[in-house]
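The values are calculated or read from the model by the stated rules, or taken from the named source; none is laboratory data. Keep in mind the model is a prediction, meaning the values are calculated, not measured. Ideal geometry is used to build each Cβ from the backbone, glycine not excepted, and the neighbour counts take in all protein chains shown. Protein only, heavy atoms only, side chains kept; ligands, DNA and RNA dropped before computing areas. Shrake-Rupley method; radii C 1.70, N 1.55, O 1.52, S 1.80 Å.
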Amino acid sequence: MNFDGPDSDGVRRHVVESALAWIEEYHVDGLRLDALHAVLDLSAIHILEELSATVAARAAALGRTVVLVGESDLNDPRLCRPRERGGYGLDAQWNDDFHHALHALCTGESAWIYGDFGRPADLAKAFREGYVYDGRYSRFRRRRHGRPATGLEGRRFVVFSQNHDQVGNRPGGERLVSLVGLEGAKLAAAAVLFAPFVPLLFMGEEYGERAPFLYFVDHSDPELREAVRRGRARELAAAGWPGTPADPAAEETFVRSRLRRERASSPEGGAVRAFYAECLRLRRTRPALRVLDREATDVYADASGRTLTVVRRGAEPWAAGVFHFGSAPRDADVPLPTGLWRTLLDTADARWAGPGARAPETVRSDGRVRLPLGGRAAVWVERAGD
């Protein structure tokens, strides 16, 4: 779009006034700005800065809170840096690096961008620093990518284990539960909900939806439909994805992608919903989990044991999450600050349709502790005393 060339003033005005219409006429509380890597603007005042300043002023005049969330894989902290510090002033951005690190660790996939990830250390860096690629070389991009997220609080990052892009852009549209099973999906959800960031849930994951979410379109122009078919096949092949994608213009592709909401009422669906509800309850009520401070987050990666330990120190009592990505149960040697710790949640608990909790009710640490973990399981603990 023409944001900075001749006759661009009308384009900019259209975009800004469109956002204001959603806020004023339709009363939305926030907007997600799509594909910001494609918003090119060399003006002295970037269109995103103009948009965020105008929206903030209108929200203040209306006595409301309105948020702008950017979707970008640029790993550019300017998106969310305050305008007075030279940034664009968005409230938050989707963090693809967190998803890629978590997905590659859970699935072992190496196609497409996942080849840049897959080690516990990558997810550890995402927990601690937000971006994994903050200036380091990306084999997928064949260049250095990103810059450090210095000064950005945890509330500036939106994290997820799946979303419409990451699922829908797969040739088969598989949800995470179809790739790694229920225990793996709960493990990924526990990592997202324990992180010192803002969590996003993809429709249906809260009850273990297994219907695929395929890429589908409904264009009336037959030439456009055919162009989409060819383009999608070409893009997936170039990205190294195996298999043939479903026809995006076929009605069957859309029908297969519908949610099967009756699954939410099944015994397993009910157990998964209860698991998500408990994770969210703990996130709301436990002091350390309420504070989104990545600076007060310590992360320890055990590559050989495929285990990650995350300690949240933002408030007392401290909380810790231990995430085991191996498929077999193990007794892990876990670094935990000294003291008595009580278990808040074990994803393997039978209450959540799991094989059975292995973590004890309490453990005492002298700096390290032996903690029984299920295969593809996470345990949340909270310090209960010295």
(request) Label region 179-290 by shape, choosing from rounded, prolate and oblate, from the square roots a ≥ b ≥ c of the eigenvalues of the Cα gyration tensor; if a/c is under 1.5 it is rounded, and otherwise prolate applies when a/b is larger than b/c, oblate when it is not. (result) prolate
(message) From Cα pairs below 8 angstrom and at least 6 apart in sequence, can you work out the relative contact order of region 253-376, rounded to a whole percent?
(response) 21
(message) I need the per residue convex hull volume for region 324-386, using only the alpha carbons, in cubic angstrom as a whole number.
(response) 66
(request) Provide 282, 31 ordered by accessible surface of protein heavy atoms (probe 1.4 Å), highest first. (result) 31, 282
(request) Calculate I(q)/I(0) for region 39-186 by the Debye formula, one identical point scatterer on each C-alpha and no solvent, and give its log10 at q = 0.14, 0.16 Å⁻¹ to two decimals. (result) -0.75, -0.93
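Give, as a single signed number, the net charge of other residues whose beta carbon lies under 11 Å from the beta carbon of residue 35, with Lys and Arg counted +1 and Asp and Glu -1.
On the way: positive: 32; negative: 34, 71, 73, 165.
Taking every Cβ under 11 Å from that of residue 35, the sum is -3.
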(message) Please list, short to long, the whole-number percent of alpha-carbon pairs of region 1-112 in consecutive 5 angstrom bins beginning at zero.
(response) 2, 11, 19, 21, 18, 12, 7, 6, 4, 1
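Round to the nearest 0.05 the FRET efficiency obtained for residue 338 and residue 220 when R0 = 56 Å and r is the Cβ-Cβ distance. Each step should come with its number before you reach the end.
Working: r = 67 Å, r/R0 = 1.19.
Efficiency computed from Cβ-Cβ geometry: 0.25.
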(message) Defining a contact as two alpha carbons under 8 Å apart and six or more residues distant in sequence, what relative contact order in percent does the chain show?
(response) 12
(request) With everything on Cα atoms, drop me the angle between helix 267-285 and the longest principal axis of the chain, reported from 0 to 90° to the nearest 10. (result) 90
(message) If I model a spin label as a point 7 Å beyond the Cα along the Cα-Cβ vector, how far apart are those points for residue 291 and residue 350 in nm?
(response) 3.8
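With N set to the residue count of region 276-364, report its C-alpha Rg divided by 2.2 N^0.38 Å to two decimal places. Could you put the intermediate results ahead of the total?
Details: Rg = 13.4 Å, N = 89, 2.2 N^0.38 = 12.1 Å.
Cα Rg divided by the expected 2.2 N^0.38 Å: 1.10.
Over the Cα atoms of the chain, compute the convex hull volume and normalise it per residue, giving Å³. Before the final figure, lay out the partial values.
Numbers: hull volume 63.6 nm³, N = 386.
Looking at the chain, the number lands at 165 Å³ per residue.
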(message) Between region 338-386 and region 166-216, how far is it from one alpha carbon centroid to the other, in angstrom?
(response) 24
(request) Enter the angle in degrees (range 0 to 90, nearest 10) between the Cα long axis of helix 96-107 and the first principal axis of the Cα atoms of the chain, meaning the one along which they spread out most. (result) 50
(message) Using protein chains only and a probe of 1.4 angstrom, how many square angstrom of residue 114 are accessible, to the nearest 10?
(response) 0
(request) May I ask you to derive the relative contact order of region 1-145, considering only C-alpha pairs under 8 Å and at least 6 residues apart, and to give it as an integer percent? (result) 16
(request) Rounded to the nearest Å, what's the spacing between the alpha carbon centres of region 92-159 and region 48-68? Just the number, please. (result) 29
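Based on the mean of other beta carbon atoms within 10 Å per residue, what is the order of 195-207, 243-255, most packed first?
195-207, 243-255
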(request) Compute the length gained on full extension between residue 239 and residue 64: take 0.36 nm times their separation in residues and subtract their Cα-Cα distance, giving the result in nm to one decimal. (result) 58.7 nm
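Compute the Cα gyration tensor for region 229-306, then decide on rounded, prolate or oblate, letting a ≥ b ≥ c be the square roots of its eigenvalues: rounded whenever a/c is under 1.5, prolate when a/b is larger than b/c in the other cases, and oblate in all that remain. Mind showing how you got there, number by number?
Working: a/c = 2.81, a/b = 1.50, b/c = 1.87.
Taking the square roots of the gyration eigenvalues as a ≥ b ≥ c, region 229-306 is oblate.
Under a 1.4 angstrom probe, counting protein chains only, how are 33, 289 ranked by accessible area, largest first?
On the way: 33 25, 289 0 Å².
If we order 33, 289 from most to least accessible, we get 33, 289.
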(request) Kindly provide the trypsin sites (Lys or Arg not before Pro) of region 209-270 that DSSP labels as loop, not H, G, I, E or B, and whose Cβ sees at most 15 other Cβ atoms within 10 Å. (result) 210, 258, 260
(request) Extending each Cα 7 Å along its Cβ direction at residue 78 and residue 20, get the distance between those two points in nm, one decimal. (result) 2.6
(message) Quick check: pseudo-label points 7 Å beyond the Cα along Cα→Cβ at residue 7 and residue 262, how many nm apart are they?
(response) 5.6
(message) Given a 1.4 angstrom probe, I'd like the percentage of the accessible area of region 49-168 that is carbon and sulfur, rounded to a whole number.
(response) 46
(request) Note the full-extension length gain between residue 137 and residue 361 as 0.36 nm times their separation in residues minus their Cα-Cα distance, in nm to one decimal. (result) 76.3 nm
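Go ahead and estimate [θ] at 222 nm for the chain from helices alone: -39,500 (n - 2.57) per DSSP H run with n ≥ 4, summed, over the residue count, rounded to 500. Intermediate results must be reported in sequence, preceding the final value.
Numbers: 10 runs with 124 residues, N = 386.
Helix-only estimate at 222 nm: -10000 deg cm²/dmol.
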(request) Could you tell me how many degrees, from 0 to 90 and to the nearest 10, lie between the Cα long axis of helix 120-129 and the main elongation axis, the longest principal axis, of the Cα atoms of the chain? (result) 70
(message) What is the ratio of the Cα radius of gyration of region 164-215 to 2.2 N^0.38 Å, with N the residue count, to two decimals?
(response) 1.12
